[in-house]
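Notes follow once the structure below has been shown.
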Amino acid sequence: MDDSHAVVVGAGIGGLSAALALHRHGWRVTVLERAPEMREVGAGLSLMANAVRALDALGLGPALRRGGHGEAPGGMRDRHGRWLSRVEAAEMIRQLGTTALGVHRATLHRTLREALPASSLHTSATVEHVESGPDSAEVRYQGPDGPHTVTADLVVGADGLRSRVRAQLWPQHPGPVYAGSTTWRAAIAFPYPIPAAITWGPGAEFGMVPIGDGQLYWYGALNAPPGGHAPDELAAVREHFGDWHAPIPALLAATPPDVVLRNDIHHLAEPLPSYVRGRVALLGDAAHPMTPNLGQGAGQAIEDAVVLGAVCAGGAGHVPVALAAYDEQRRPRSQSVARASYVAGRFGQQLHNPVAFAMRTVALRLIPSRLALRSMARYADWRPPAV
Ligand SMILES: Cc1cc2nc3c(=O)[nH]c(=O)nc-3n(C[C@H](O)[C@H](O)[C@H](O)COP(=O)(O)OP(=O)(O)OC[C@H]3O[C@@H](n4cnc5c(N)ncnc54)[C@H](O)[C@@H]3O)c2cc1C
């Protein structure tokens, strides 16, 4: 292929996946990351079958299966620990061809990074301006040694929730809004076998996911006003979840206070009219930040990357057609997953009305696990395009 060159703005899971997908199709990639070092902030991740398949398409499935933990069996519980619905591993594999995967974010990030040429990754590089012309696009950024301008055949805006690229290309768009919940999360050493599970209380949810190598990821989510912070976030988690069923108190007891992260949850209430402007494409949270209720944000970013790589396989000469195909393939799916995730949150973690809560508990007990899995499979049953 001719020297097709892409600049990727942001080295999160989405940006690195995009860089890798393009690199595997023969593109030269330049990744610009504003942080002074390449790393992923955060605890663990659930990667559903679609994300695992997308990672297979990037050639990383085997390494991540070794580095993570096959996430089944599991299910939903009430705060006393009674199972409301269970997901059987065999049934999940039968319907989706794979279990989900629990993985440490740092493991996924490192695996993506190591698959890219080190010379393509640039830190302390804050992108300030992106402009698309008919034949190329231009990116201006502040590097560690001053301002730079770089031209490319394609620019990928993978700069996350507060995307500067999105704000610049869609200045009228209102941007992300608070979804009504705050979350705490941590990855801890917890070398005891426990099933992945989600527990619901009124307006609250606690999740636990084994992530391999004797580690476990837990999160707690709660309806709350935005912008809250506690002097001791672990104490705040204990206050809300400390008397929930075993092993939740033991997980909190095994958590060092300084590893607890707290984030308010935001999403795009108004979906973008396009993910593409000229030779610039948005990807991941820059395009479709979503609530975490379906565990799909990173999965959708990795899917975006795989599709972007596939449509750009013909090189720089085909970018406008390729990006039109990218928008057509990715926008409807990722926006419908984002919508479904928000609704899942409203009827899941955020439900606090006592009557509705009791009715949901009864309904969940009555649903056979086969049907519960089928509703999950609706979004997890995605396959990468054949190239
Ligand atoms: C509590 C919580 C739990 C979640 N759980 C799951 C889960 O279980 N499964 C799942 O699939 N998803 C989950 N998600 C969603 C997932 O974390 C995100 O969708 C995913 O990490 C988005 O990746 P990204 O690369 O698009 O964005 P980001 O990770 O935000 O990366 C953007 C990168 O761009 C850089 N950047 C920003 N601006 C600039 C600039 N101007 N110049 C250069 N660099 C810039 C940033 O420093 C950052 O490195 C969860 C999210 C939350 C909040």
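The values are calculated or read from the model by the stated rules, or taken from the named source; none is laboratory data. Worth saying up front: this structure is predicted, and the values here are computed from it rather than measured. Cβ sites come from the backbone with ideal geometry, for glycine too, and all protein chains shown count toward neighbours. Surface accessibility is based on the protein's heavy atoms, side chains included, excluding ligands, DNA and RNA. Shrake-Rupley method; radii C 1.70, N 1.55, O 1.52, S 1.80 Å.
Could you check W218 against (1) more than 10 Å from the ligand (Cβ to nearest atom); (2) under 25 Å from the mean Cα position of the chain (by Cα); (3) over 22 Å from L22 (Cβ atoms); (4) open to solvent by 10 Å² or more (accessible area, probe 1.4 Å) and say which number it fails?
Of (1) more than 10 Å from the ligand (Cβ to nearest atom); (2) under 25 Å from the mean Cα position of the chain (by Cα); (3) over 22 Å from L22 (Cβ atoms); (4) open to solvent by 10 Å² or more (accessible area, probe 1.4 Å), only one is false for W218: (4).
Can you list the helices (runs of 4 or more DSSP H) lying wholly within segment 290-375 that have 3 or more residues being open to solvent by 30 Å² or more (accessible area, probe 1.4 Å)?
319-347, 354-366
Which condition breaks for A179 when tested against (1) in contact with a helix residue (DSSP H, G or I) (Cβ under 9 Å, 6 or more places away or on another chain); (2) under 23 Å from W83 (Cα atoms)?
Of everything listed in (1) in contact with a helix residue (DSSP H, G or I) (Cβ under 9 Å, 6 or more places away or on another chain); (2) under 23 Å from W83 (Cα atoms), A179 misses just condition (2).
Is there a residue in segment 244-262 that is touching a residue at least 12 places away in the same chain (Cβ under 8 Å), under 21 Å from the mean Cα position of the chain (by Cα) and surrounded by 17 or more Cβ atoms within 10 Å (Cβ to Cβ)?
Within segment 244-262 (the criterion being touching a residue at least 12 places away in the same chain (Cβ under 8 Å), under 21 Å from the mean Cα position of the chain (by Cα) and surrounded by 17 or more Cβ atoms within 10 Å (Cβ to Cβ)), the answer is yes, since at least one residue qualifies.
Residues being in a strand (DSSP E or B), touching a Phe, Trp or Tyr at 6+ places or on another chain (Cβ under 9 Å) and more than 18 Å from L373 (Cα to Cα): count how many of those fall in segment 188-199.
Matching residues across segment 188-199 total 1.
Note down all Cβ pairs under 6 Å where the first residue falls in segment 130-156 and is more than 21 Å from Y326 (Cβ to Cβ), the second is open to solvent by 70 Å² or more (accessible area, probe 1.4 Å) and polar (S, T, N, Q), and they're at least six residues apart or on different chains.
Qualifying pairs under 6 Å: R140/T149.
Within segment 28-38, track down each residue that is closer than 27 Å to I211 by Cα, within 9 Å of the ligand (Cβ to nearest atom) and either among the basic types (K, R) or modelled with pLDDT under 95 (or both).
The answer is M38, and nothing else.
When only residues in segment 136-185 that are in a loop (DSSP other than H, G, I, E, B) and within 11 Å of the ligand (Cβ to nearest atom) count, which is surrounded by the fewest Cβ atoms within 10 Å (Cβ to Cβ)?
Result: R162.
Among the residues of segment 47-56, are any among the aliphatic types (A, V, I, L, M), near the ligand (Cβ under 9 Å from one of its atoms) and not in a helix (DSSP H, G or I)?
Checking segment 47-56: at least one residue is among the aliphatic types (A, V, I, L, M), near the ligand (Cβ under 9 Å from one of its atoms) and not in a helix (DSSP H, G or I).
Assuming G70 fulfils every condition listed in (1) more than 23 Å from P292 (Cα to Cα); (2) more than 14 Å from the ligand (Cβ to nearest atom); (3) open to solvent by 30 Å² or more (accessible area, probe 1.4 Å) apart from one, which condition is it?
(1)
Does G42 fit the bill of being within 12 Å of the ligand (Cβ to nearest atom), over 30 Å from A316 (Cβ atoms), open to solvent by less than 30 Å² (accessible area, probe 1.4 Å) and modelled with pLDDT under 90?
Yes; evaluated as a whole, the condition is true for this residue.
Pick from G317, G309, G345: which is among the small types (G, A, S) and over 19 Å from the mean Cα position of the chain (by Cα)?
G317
I'm trying to understand the selection: among the residues of segment 193-213, which are within 28 Å of S85 (Cβ to Cβ) and more than 15 Å from the ligand (Cβ to nearest atom)?
Across segment 193-213, the qualifying residues are P193, I194, P195, T199, W200, G201, P202, G203.
Among the residues of segment 7-27, is there at least one that is touching a strand residue (DSSP E or B) at 6+ places or on another chain (Cβ under 8 Å), more than 6 Å from the ligand (Cβ to nearest atom) and among the charged types (D, E, K, R)?
Within segment 7-27 (the criterion being touching a strand residue (DSSP E or B) at 6+ places or on another chain (Cβ under 8 Å), more than 6 Å from the ligand (Cβ to nearest atom) and among the charged types (D, E, K, R)), the answer is no, since none of the residues qualifies.
With (1) out of contact with any Cys (no Cβ under 8 Å at 6 or more places or on another chain); (2) in contact (Cβ under 8 Å) with a residue 24 or more places away in the chain as the list, and R162 as the residue in question, which single condition is left unmet?
So the condition that R162 fails would be (2).
Check E91 against each of (1) over 16 Å from the mean Cα position of the chain (by Cα); (2) within 12 Å of the ligand (Cβ to nearest atom) and name the one condition it does not meet.
Failed condition: (2).
For I93, work out the one condition from (1) at pLDDT below 95; (2) in contact with a Cys (Cβ under 9 Å, 6 or more places away or on another chain) it doesn't fulfil.
Single failed check for I93: (2).
Return the residues of segment 33-71 that are in contact with a strand residue (DSSP E or B) (Cβ under 6 Å, 6 or more places away or on another chain), within 17 Å of A380 (Cα to Cα) and aliphatic (A, V, I, L, M); say none if nothing qualifies.
Of everything in segment 33-71, those that are in contact with a strand residue (DSSP E or B) (Cβ under 6 Å, 6 or more places away or on another chain), within 17 Å of A380 (Cα to Cα) and aliphatic (A, V, I, L, M) turn out to be L45, L47, V52.
Considering each of V41, V29 in turn, give the residue that is among the β-branched types (V, I, T) and not in a loop (DSSP other than H, G, I, E, B).
V29
Among the numbered criteria (1) in a helix (DSSP H, G or I); (2) surrounded by fewer than 24 Cβ atoms within 10 Å (Cβ to Cβ), which single criterion is violated by E270?
(1)
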